[in-house]
1. When you check I97 against the structure, is it surrounded by fewer than 22 Cβ atoms within 10 Å (Cβ to Cβ), within 21 Å of the chain's Cα centre (by Cα) and over 30 Å from R253 (Cβ atoms), yes or no?
2. Does P107 satisfy the criteria of being part of a loop (DSSP other than H, G, I, E, B), at pLDDT below 95 and surrounded by fewer than 18 Cβ atoms within 10 Å (Cβ to Cβ)?
3. Report whether or not E248 is not in a helix (DSSP H, G or I) and not aromatic (F, W, Y).
4. Considering each residue of region 196-221, count those that are in contact (Cβ under 8 Å) with a residue 24 or more places away in the chain, within 21 Å of R253 (Cβ to Cβ) and in a loop (DSSP other than H, G, I, E, B), and give that number.
5. How about region 102-126: which of its residues are closer than 30 Å to A68 by Cβ and more than 16 Å from the chain's Cα centre (by Cα)?
6. Considering only residues that are loosely packed, with under 14 Cβ neighbours inside 10 Å, of a type in the set (S, T, N, Q) and within 22 Å of the chain's Cα centre (by Cα), which ones fall in region 202-239?
7. Could you tell me whether any residue of region 245-261 is under 21 Å from V152 (Cα atoms) and at pLDDT below 95?
8. Within the set of pairs 6 or more residues apart or between chains, which connect a residue that is free of Cβ contacts under 8 Å to residues at least 40 places away in the same chain inside region 68-90 to a residue that is hydrophobic (A, V, I, L, M, F, W, C) and buried (at least 17 other Cβ atoms within 10 Å of the Cβ) with Cβ atoms less than 6 Å apart?
Amino acid sequence: MALIASRQNPRFKALRALAAEPHRNGQALADGIHLVSVCLERQVAIALMLASESGLRNREIGELLARAKGIEIVTLSDALYREITGISSPTGIAAVIGIPPATDEPPHGDAVLLEGVQDAGNVGAILRTAAAAGIGHVLLGPGCAGAWGLKVLRAAQGAHFSLTIREQVDLAAALGASGVTSIATVARGGIEPWNIDLSGPTFWLLGNEGGGLSAPLTAAADLRATIPLAVATESLNVAAAAAICLFEARRQRVKAREPARGGLSG
């Protein structure tokens, strides 16, 4: 494996550009031991594997590289690897992966719709929660952090590969075409999630960290949900709110599947 140590190297420049701007050639950069392991397990299309000089001395990274049969491996100096990933102490392995082609088909079943969620950590955490809750689709409207950016991929920890993700979606149009019950999460004035029947397919609408959902999108939803907070507490983090709502729906459905308990026999 040849070592790239110069910032003038054309391949380094291309990798740095990909890290800064995913979707170049339909690709993204997945960084970290866990994420690369998930990519290999899920047979995600990997075009190239990257390793740092120090990463090559890590046993887990060595095992992952050994599993990457037929995939080209490029080694970078630690300084250049840090520059690409933006982390001061990276684990030292990454993969250039293919981004699944976008679909124009409307979501079927449950979905999460994000409006203007700008923080990459929040977007990644919501993707991870959605996958864990059994949601199939996540739609990101304009103004959201890019779903395939380095930080979002790290935060989601492999959830991308269990979801159908669409970006730059006209959320109002998606609601109109769905025929599915839609619920806008609002800071006040809505119904508590546990007092809503969530047994059927649901579109959950979650808004910007500061301003919440826009008035037009809130008005377009069928219902509004509010999580009651302690006095003097203004709001919840959007990823935390998503977790409460999505797992309340899951709780209701799991409970509905439980066998009925009979009374005491005499």
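1. When the stated conditions are applied, I97 does not pass them.
2. No: the conditions fail for P107.
3. Details: not in a helix (DSSP H, G or I): no; not aromatic (F, W, Y): yes.
Taking the combined requirement at face value, the residue does not satisfy it.
4. Here is the first cut: in region 196-221, the residues in contact (Cβ under 8 Å) with a residue 24 or more places away in the chain are 196-199, 201-209, 211-214, 216-218, 220-221.
Checking the rest, the ones that are also within 21 Å of R253 (Cβ to Cβ) come to 196-199, 201-206, 221.
Add one more test, that the residue is in a loop (DSSP other than H, G, I, E, B), and what stays is 196-199, 201, 221.
Residues in region 196-221 being in contact (Cβ under 8 Å) with a residue 24 or more places away in the chain, within 21 Å of R253 (Cβ to Cβ) and in a loop (DSSP other than H, G, I, E, B): 6 in total.
5. Correct list: T103 only.
6. Result: N237, single match.
7. no
8. A68/M49; I71/I46; I71/M49; E72/L48
The values are calculated or read from the model by the stated rules, or taken from the named source; none is laboratory data. None of the values given here were measured: they were computed from a predicted structure. Note that we place each Cβ from the backbone using ideal geometry, even for glycine, and neighbour counts take in every protein chain shown.
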